[in-house]
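Q: Here's a structure for you.
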Amino acid sequence: GGYFLPRLSGKIGCYLALTGFRLKGRDVLKAGIATHFVESEKLPALEKDLIALKSPSTENIADLLNSYHVK
């Protein structure tokens, strides 16, 4: 935490360090730590689709994650 908390945008890193508050789910996405948010009930399907990729390139994985991403 000592490395990445000060590097978070705004004062969210300072807040998390001082309070010990934990971010969950969509909050991690909003804080800029995560790139995608997938609802937990869709995770098994996402895992299946990731395994089924014939040529797992960065672009293919990004497209698949974008299809599951909840805004």
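The values are calculated or read from the model by the stated rules, or taken from the named source; none is laboratory data. Just so it is clear, the structure is predicted and the values come from calculations on it, not from any experiment. When we count neighbours, we look across all protein chains shown, and the Cβ atoms used for this are built from the backbone with ideal geometry, even at glycine. Keep in mind that these areas ignore ligands, DNA and RNA; they rest on the heavy atoms of the full protein, side chains included. Shrake-Rupley method; radii C 1.70, N 1.55, O 1.52, S 1.80 Å.
Q: (1) open to solvent by 70 Å² or more (accessible area, probe 1.4 Å); (2) in the same structural domain as G2 (by the TED database); (3) not aliphatic (A, V, I, L, M): which one isn't true of G20, the others all being true?
A: Among (1) open to solvent by 70 Å² or more (accessible area, probe 1.4 Å); (2) in the same structural domain as G2 (by the TED database); (3) not aliphatic (A, V, I, L, M), the lone unmet condition for G20 is (1).
Q: Could I ask something else about it? So, of the residues in the range 36-71 that are within 30 Å of I12 (Cβ to Cβ) and at pLDDT below 90, which turns out to be most open to solvent (accessible area, probe 1.4 Å)? Working first, answer last.
A: First pass over the range 36-71, keeping only residues within 30 Å of I12 (Cβ to Cβ): 36-43, 46-47, 50, 58, 61-71.
Now restrict to residues that are at pLDDT below 90: 69-71.
Values: H69: 44, V70: 29, K71: 209 Å².
Per the criteria, the residue is K71.
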